[in-house]
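Asks: Dumping the structure here so I can ask a few things about it.
The values are calculated or read from the model by the stated rules, or taken from the named source; none is laboratory data. The model shown is predicted, which means the values in this text are computed figures rather than measured ones. Ideal geometry is used to build each Cβ from the backbone, glycine not excepted, and the neighbour counts take in all protein chains shown. Surface accessibility is based on the protein's heavy atoms, side chains included, excluding ligands, DNA and RNA. Shrake-Rupley method; radii C 1.70, N 1.55, O 1.52, S 1.80 Å.
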Amino acid sequence: MSEATQQGAAGDDPVVIVGGGLAGARAAEAVRDGFGGRVVLVGEEVAAPYIRPPLSKEYLAGRADRESVDVHPLAWYAEQEIERIAGHRAAVLDRGAHRLTLDDGRSLRYSRLLLATGASPRPFPGPGASLPGVHYLRSVDDSSKLRTALAEGGRRVVIVGSGWIGLEVAATAKGYGNDVIVLGRGPVPLESAIGAELGGMFDLLHRDHGVHMGNNTTVVELEGEIRSGGTRVTGVRLSDRTLVRADLVVVGIGATPNTQLALGSGLEVDDGIAVSATFATSDPDVFAVGDVANVHHPRLGHRLRVEHWANADTAGAAAGRAVLGDTTEYDAIPYFYTDQFDLSMEYSGFGELAAGAELVFRGDRSTREFVAFWLRDGHVVAGMNVNVWDVNETVQRLIRSGMRVDAKRLADESIALEDLLVASE
């Protein structure tokens, strides 16, 4: 254990974690497991840390209650002697003084500091971004408000952005009986994430369920009109001046890391806070994790910023251990999942290595029950199982093994995936 951590264990200054999301909560757990001193968790939201994927899936659809998304019940933090400072933003970081100042003027000294400040939805860049009736989805409050609006049914819902959030919201909105239009810049949804062929599958999935897909589309303005009770969004203006009528608009065009605190303190920022494979910044007593962190990945040889919940879950715990002196490099394979209509999918792998790689299918694409593999120079670099279960762990083992795999054997369902691994282990 480092000198700074030993001092904290003696009760001088606490370990402070800034960020009340999943990464912060998992880090607090890990710190408490190995540290007997004060642990302080600072969160801008009043709510206890919660898990975000249900906000565009089960919770938004009304199939999950509010408590189900919490990482832990609120009482757990007191039971673990983790002090929560909720509803306040960390405003100033003075690294020289080991001091954090909050937005209400309070200051905290720290022995070690972990920044898990997350990311914020990218606002629509044109006029009308903040009109009433325009929704962004990041917080549980955002999801609650959107659920109320969608649950009425019979409304024209326009979604700007055809990424994962946009498509999940589209599926949920359609499930409530709304007329749904998705407007995306690319020729098919998700092309940058999973390629044109599989992006086309999601495009057809939504069309099959009655969603109107507007691809190769640029939205330039969100327009509003004065209605009873004030001005509200009423339409979306396209670059060719077409007006698409809307009762409500959901903007899902990505997120930007919340690096303001790091920038103000002079930490290196490069598409997030730049950190090592052990979450360390250039300051030996400051670490970063989660959506805000651009973490060096040993497999890739450069930094990688991952916004998916699985990264917050596993990296949060690893960063908590790193704060206490653990020097294990974090080398997890990125993972995410989606549920849309009758399609459920898990993806593991490195998107940058999958770009332009050979795509191999195992199973029946016509029924949307298959596993897709991306092969680069004969090595599996990514895999996606669609409506096929209990294979993701094996997919991850194939990626991690670095073994060369014959594409024909990989596609042959008569050969168990585990058998492909046996030869290399």
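Asks: Scan the range 269-283 for residues that are assigned to a strand (DSSP E or B) and touching a residue at least 60 places away in the same chain (Cβ under 8 Å) and report the count. It would help to see each step written out before you state the result.
Replies: Filtering the range 269-283 for residues assigned to a strand (DSSP E or B) gives 269, 273-275, 280.
Filter once more, keeping what is touching a residue at least 60 places away in the same chain (Cβ under 8 Å): 273.
Matching residues across the range 269-283 total 1.
Asks: Does A411 satisfy being surrounded by 13 or more Cβ atoms within 10 Å (Cβ to Cβ), modelled with pLDDT of 95 or more, among the aliphatic types (A, V, I, L, M) and in contact with a helix residue (DSSP H, G or I) (Cβ under 9 Å, 6 or more places away or on another chain)?
Replies: On the way: surrounded by 13 or more Cβ atoms within 10 Å (Cβ to Cβ): yes; modelled with pLDDT of 95 or more: yes; among the aliphatic types (A, V, I, L, M): yes; in contact with a helix residue (DSSP H, G or I) (Cβ under 9 Å, 6 or more places away or on another chain): no.
Answer is no for this residue.
Asks: Same structure again: Return a yes/no flag: does the range 324-339 have any residue that is farther than 30 Å from Y110 by Cβ and open to solvent by 50 Å² or more (accessible area, probe 1.4 Å).
Replies: Yes, the range 324-339 contains a residue that is farther than 30 Å from Y110 by Cβ and open to solvent by 50 Å² or more (accessible area, probe 1.4 Å).
Asks: On to the next question. Does A317 meet the test of being open to solvent by less than 50 Å² (accessible area, probe 1.4 Å), without any contact (Cβ under 8 Å) to a residue 60 or more places away in the chain, of a type in the set (G, A, S) and outside any strand (DSSP E or B)?
Replies: Working: open to solvent by less than 50 Å² (accessible area, probe 1.4 Å): yes; without any contact (Cβ under 8 Å) to a residue 60 or more places away in the chain: no; of a type in the set (G, A, S): yes; outside any strand (DSSP E or B): yes.
Against the criterion (open to solvent by less than 50 Å² (accessible area, probe 1.4 Å), without any contact (Cβ under 8 Å) to a residue 60 or more places away in the chain, of a type in the set (G, A, S) and outside any strand (DSSP E or B)), A317 does not qualify.
Asks: Let me ask something else about it. From the list R303, R299, which one is surrounded by fewer than 19 Cβ atoms within 10 Å (Cβ to Cβ), touching a strand residue (DSSP E or B) at 6+ places or on another chain (Cβ under 6 Å) and more than 28 Å from D70 (Cα to Cα)?
Replies: Working: R299 fails: touching a strand residue (DSSP E or B) at 6+ places or on another chain (Cβ under 6 Å).
Step by step, each of R303, R299 is checked, and only R303 is surrounded by fewer than 19 Cβ atoms within 10 Å (Cβ to Cβ), touching a strand residue (DSSP E or B) at 6+ places or on another chain (Cβ under 6 Å) and more than 28 Å from D70 (Cα to Cα).
Asks: May I pose another question? Going by the conditions given, is G214 within 21 Å of P187 (Cβ to Cβ), at pLDDT 95 or above and out of contact with any Phe, Trp or Tyr (no Cβ under 8 Å at 6 or more places or on another chain)?
Replies: Values: within 21 Å of P187 (Cβ to Cβ): yes; at pLDDT 95 or above: yes; out of contact with any Phe, Trp or Tyr (no Cβ under 8 Å at 6 or more places or on another chain): yes.
Answer is yes for this residue.
Asks: Can you confirm whether the range 339-350 contains a residue that is touching a His at 6+ places or on another chain (Cβ under 6 Å), within 17 Å of G163 (Cβ to Cβ) and modelled with pLDDT of 95 or more? Break it down stepwise before answering.
Replies: Step one: of the range 339-350, the residues touching a His at 6+ places or on another chain (Cβ under 6 Å) are 341.
Right, trim to within 17 Å of G163 (Cβ to Cβ) and you get 341.
When the remaining residues are screened for being modelled with pLDDT of 95 or more, the result is 341.
The answer is yes; a qualifying residue exists.
Asks: Identify the residue in the range 1-56 that is within 20 Å of L93 (Cβ to Cβ) and open to solvent by 40 Å² or more (accessible area, probe 1.4 Å) and, among all such residues, is modelled with the lowest pLDDT.
Replies: Q7
Asks: Kindly indicate which of G87, G105, G96 is open to solvent by 50 Å² or more (accessible area, probe 1.4 Å) and at positive phi.
Replies: Working: G87 fails: open to solvent by 50 Å² or more (accessible area, probe 1.4 Å); G96 fails: at positive phi.
One residue alone meets the criteria, G105.
Asks: Then there's this: Taking only pairs six or more apart or across chains, which ones have beta-carbon atoms under 6 Å, a first residue in the range 328-341 that is of a type in the set (S, T, N, Q), and a second residue that is part of a strand (DSSP E or B)?
Replies: Going by the 6 Å Cβ cut-off, the qualifying pairs are T338/M345.
Asks: Having 1 or more residues that are under 30 Å from V169 (Cβ atoms) is the bar; report the helices (runs of 4 or more DSSP H) wholly within the range 335-425 that clear it. Break it down stepwise before answering.
Replies: Values: elements: 351-354, 392-401, 407-411, 417-422.
The qualifying helices (runs of 4 or more DSSP H) are 351-354, 392-401.
Asks: Okay, moving on. Quickly run through the range 340-356 and pick out the residues that are surrounded by fewer than 20 Cβ atoms within 10 Å (Cβ to Cβ) and aliphatic (A, V, I, L, M).
Replies: Of everything in the range 340-356, those that are surrounded by fewer than 20 Cβ atoms within 10 Å (Cβ to Cβ) and aliphatic (A, V, I, L, M) turn out to be L343, L353, A355.
Asks: Right, next: Just checking, which of S143, S139, S120, S162 is of a type in the set (S, T, N, Q), in contact with a helix residue (DSSP H, G or I) (Cβ under 7 Å, 6 or more places away or on another chain) and in contact (Cβ under 8 Å) with a residue 40 or more places away in the chain? Spell out the reasoning first.
Replies: Working: S139 fails: in contact with a helix residue (DSSP H, G or I) (Cβ under 7 Å, 6 or more places away or on another chain); S120 fails: in contact with a helix residue (DSSP H, G or I) (Cβ under 7 Å, 6 or more places away or on another chain); S162 fails: in contact with a helix residue (DSSP H, G or I) (Cβ under 7 Å, 6 or more places away or on another chain).
Step by step, each of S143, S139, S120, S162 is checked, and only S143 is of a type in the set (S, T, N, Q), in contact with a helix residue (DSSP H, G or I) (Cβ under 7 Å, 6 or more places away or on another chain) and in contact (Cβ under 8 Å) with a residue 40 or more places away in the chain.
Asks: Scanning for something among the β-branched types (V, I, T), over 17 Å from S139 (Cα atoms) and more than 26 Å from the chain's Cα centre (by Cα), does the range 96-104 turn up at least one residue? If you could, list the steps in order and put the result at the bottom.
Replies: In the first step, residues of the range 96-104 are kept if they are among the β-branched types (V, I, T); the result is 101.
Okay, now just the ones that are also over 17 Å from S139 (Cα atoms), so 101.
Now restrict to residues that are more than 26 Å from the chain's Cα centre (by Cα): 101.
Checking the range 96-104: at least one residue is among the β-branched types (V, I, T), over 17 Å from S139 (Cα atoms) and more than 26 Å from the chain's Cα centre (by Cα).
Asks: Looking only at strands (runs of 3 or more DSSP E) that lie completely in the range 203-247, which have at least 2 residues being in contact with a Leu (Cβ under 6 Å, 6 or more places away or on another chain) and closer than 17 Å to W164 by Cα?
Replies: Of the strands (runs of 3 or more DSSP E) lying wholly inside the range 203-247, none has at least 2 residues that are in contact with a Leu (Cβ under 6 Å, 6 or more places away or on another chain) and closer than 17 Å to W164 by Cα.
Asks: Take residues that are buried (at least 22 other Cβ atoms within 10 Å of the Cβ) and within 23 Å of the chain's Cα centre (by Cα) and tell me which of the strands (runs of 3 or more DSSP E) falling wholly in the range 122-193 contain 3 or more. Quick ask: steps written out before the conclusion?
Replies: Values: elements: 134-136, 156-160, 179-183.
Here the list reads 156-160.
Asks: May I ask you to list the residues in the range 41-62 that are within 17 Å of G87 (Cβ to Cβ) and in contact with a Phe, Trp or Tyr (Cβ under 8 Å, 6 or more places away or on another chain)?
Replies: L41, A48
Asks: While we're on this one: Across the range 278-292, which residue is farthest from A116 (Cα to Cα) among those that are out of contact with any Ser or Thr (no Cβ under 9 Å at 6 or more places or on another chain) and aliphatic (A, V, I, L, M)?
Replies: Of the range 278-292, the ones out of contact with any Ser or Thr (no Cβ under 9 Å at 6 or more places or on another chain) are 279-282, 289.
Within this subset, residues satisfying the condition of being aliphatic (A, V, I, L, M) are 280, 289.
Values: A280: 12, V289: 5 Å.
If we take residues in the range 278-292 being out of contact with any Ser or Thr (no Cβ under 9 Å at 6 or more places or on another chain) and aliphatic (A, V, I, L, M), then A280 is farthest from A116 (Cα to Cα).
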